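First the structure, in the form of structure tokens, and then the observations on it.
No value in this document is a laboratory result; all are computed from the given coordinates. Everything numeric here is computed off the predicted structure, so don't read it as measured data. Cβ atoms come from the backbone with ideal geometry, glycine included; neighbour counts cover every protein chain shown.
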2 protein chains.
Amino acid sequence: MKKKLPRKTVERLSEYRRTLINYLDSGRDYIFSHELADMHNNTAVQVRRDIMLIGYSGVQRRGYKVKELIRAIGKVLDDPRGQNVAIVGVGHLGTAILHYLKGKRPALHLKALFDIDKEKTGREINGIPCYPVEELAARVREHKIGIAILTVPMEVARETTALLVEAGVRGLMNFTTVPLDVPEDVFLEEYDLITSLEKVAYFVRI
Amino acid sequence: MKKKLPRKTVERLSEYRRTLINYLDSGRDYIFSHELADMHNNTAVQVRRDIMLIGYSGVQRRGYKVKELIRAIGKVLDDPRGQNVAIVGVGHLGTAILHYLKGKRPALHLKALFDIDKEKTGREINGIPCYPVEELAARVREHKIGIAILTVPMEVARETTALLVEAGVRGLMNFTTVPLDVPEDVFLEEYDLITSLEKVAYFVRI
DNA sequence: AGGGTTTTGTTTAATAATTAACAATTAAAT
DNA sequence: ATTTAATTGTTAATTATTAAACAAAACCCT
């Protein structure tokens, strides 16, 4: 890939795209930077800067062409060949994410679920095959899964992570409360509910 | 409150505390900055700086006294009188969060759940009363709820937010895919699964 | 007791992210 | 056709965050 975009810019681009896709329904072909900004509680300058960084240009006095901008963001965020994803642990959270993802991002292919519960494994849930964790390594390789969403109980978080990394997973979203240890070249995104909630609690008081 | 801590520091303090609480089991009374750092994939300097910012001091050559450090972090993160929280929308995600939170942070009091489903309302779920959304404003005031976790379907996200803010909620965690509009003085934390996943997908490829 | 080593606390430097400033362009108005 | 207002694209300044550097204290060893 070309040069790395700032982390925050990547986040915002994803958010812009989502908003823009909904915006298509409005019937308007163009959108101004300040409109997009208002929809995300940030500034027009920030929006323009982000868009500048991906090399897309709007037209002055008219704004950005919505469809083109969606495509331009896709060119940066999406792998043209798609990326395969698995959810490891199909409890409440795993199930929620499963529904959430369903049909949302065409470039991200949810290929497999894993669980220990024999009730859940050996069949499809919501159209996605659910395998027993014993098959984890083999199935990750089979489906060429590069990204895993970890929603297992905390007791098994670390060992499961080791298995995943060993099997070739390069990106991890950790929903457990256990800090994980991964090699340099594995991208780890911590996603801790309690931390976020405590952050909100702190800034509400300050 | 005293001076505002950096956002990132607040996040890390929350993570440190969680780790430290688990660390109590190890039987060791002290912990070094580099040990805490290793557990969080960051550096010893960062840990020391964070701890410095909350005004706690370790002892040289021995590290930080675990129990004291936990208390010191609590003094910064926790409101001594506690803060009341509600989950709005008891679907898979809401339920997951409900279980997740259960008994985890004593300073955060989960006081109420809200849903439209008559199956769920009018009783307690996991020990927390679940009210119909019609009672939202009244119950928020009754329980003095300052923080809301928004896990409703996207169609009703914005109107629900308006109700919450109107009723006095000062902090919001938004799990929906809808960008929300809140007044200046309401702290809004966006928590979008797809954005995070796309971020992982991007940095895995780069 | 004294020298060497470890680890903290703090200051300074570097990097990343945001905001401000403003030139350039274009559409609309007269 | 000229002016005016609106809007983008980009550079420069500011602020926030992370990392480096190093002095000071405390322990250990002989």
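Give the cross-link partners of A:Lys120 among the aspartates and glutamates, using a straight C-alpha distance below 17 Å as the criterion and excluding same-chain residues fewer than 8 apart.
Straight-line reach from A:Lys120, under 17 Å: A:Glu134, A:Glu135.
Rank A:Leu36, A:Leu188, A:Leu108 by mean-square fluctuation in a GNM of chain A with C-alpha springs under 10 angstrom and give only the top-ranked residue.
With Cα springs under 10 Å in chain A, the top fluctuation among A:Leu36, A:Leu188, A:Leu108 is at A:Leu36.
List the GluC sites (Glu not before Pro) within region A:62-127 that DSSP assigns to loop and that have no more than 13 neighbouring Cβ atoms inside 10 Å. Mind showing how you got there, number by number?
Values: sites: A:Glu68, A:Glu119, A:Glu124; in loops: A:Glu119.
Passing sites in region A:62-127 are A:Glu119.
So which GluC sites (Glu not before Pro) in region A:135-206 pass both tests, a DSSP loop state and at most 15 other Cβ atoms within 10 Å of the Cβ? Let's see the in-between values first.
Numbers: sites: A:Glu135, A:Glu142, A:Glu155, A:Glu159, A:Glu166, A:Glu184, A:Glu189, A:Glu190, A:Glu198; in loops: A:Glu184.
Of the GluC sites (Glu not before Pro), the ones in loops of region A:135-206 whose Cβ has at most 15 other Cβ atoms within 10 Å are A:Glu184.
Explain nothing, just the number: relative contact order of region A:135-204, from Cα pairs under 8 Å at least 6 residues apart, as a whole percent.
Working: 89 pairs, mean separation 20.7, N = 70.
Averaging sequence separation for qualifying contacts and normalising by length gives 30 percent for region A:135-204.
Which whole number gives the average, over all residues in A:90-103, of C-beta atoms from other chains lying within 10 Å of the residue C-beta? The partial results should precede the final answer.
On the way: counts 0, 4, 10, 7, 2, 5, 10, 6, 1, 3, 9, 3, 0, 0.
The per-residue average across the peptide is 4.
So what's the net charge close to B:Leu98: Lys and Arg +1, Asp and Glu -1, counting the other residues with Cβ under 14 Å from its Cβ? Please list the in-between numbers first.
Values: positive: B:Lys102, B:Lys104, B:Arg105, B:Lys111, B:Lys120, B:Arg123; negative: B:Asp115, B:Glu124.
Neighbour charge sum, excluding B:Leu98 itself: +4.
Please go through the residue pairs B:Lys8/B:Lys65; B:Lys8/B:Lys102; A:Lys199/B:Lys118; A:Lys67/B:Lys4; A:Lys3/B:Lys4 and name each one whose alpha carbons sit more than 31 Å apart in this structure. Mind showing how you got there, number by number?
Values: B:Lys8/B:Lys65 23 Å; B:Lys8/B:Lys102 25 Å; A:Lys199/B:Lys118 33 Å; A:Lys67/B:Lys4 42 Å; A:Lys3/B:Lys4 35 Å.
Exceeds cut-off: A:Lys199/B:Lys118; A:Lys67/B:Lys4; A:Lys3/B:Lys4.
What shape does region B:83-195 take by its C-alpha gyration tensor, where a ≥ b ≥ c are the square roots of the eigenvalues and a/c under 1.5 counts as rounded, a/b above b/c as prolate, and the rest as oblate?
The shape class here is rounded.
Please label the shape of the protein assembly as shown as rounded, prolate or oblate, based on the square roots a ≥ b ≥ c of the eigenvalues of the alpha-carbon gyration tensor (a/c under 1.5 means rounded; beyond that, a/b larger than b/c means prolate, else oblate).
Working: a/c = 1.28, a/b = 1.13, b/c = 1.13.
The shape class here is rounded.
So which trypsin sites (Lys or Arg not before Pro) in region B:105-158 pass both tests, a DSSP loop state and at most 10 other Cβ atoms within 10 Å of the Cβ?
Values: sites: B:Lys111, B:Lys118, B:Lys120, B:Arg123, B:Arg139, B:Arg141, B:Lys144, B:Arg158; in loops: B:Lys118, B:Lys120, B:Lys144.
The qualifying sites are B:Lys118.
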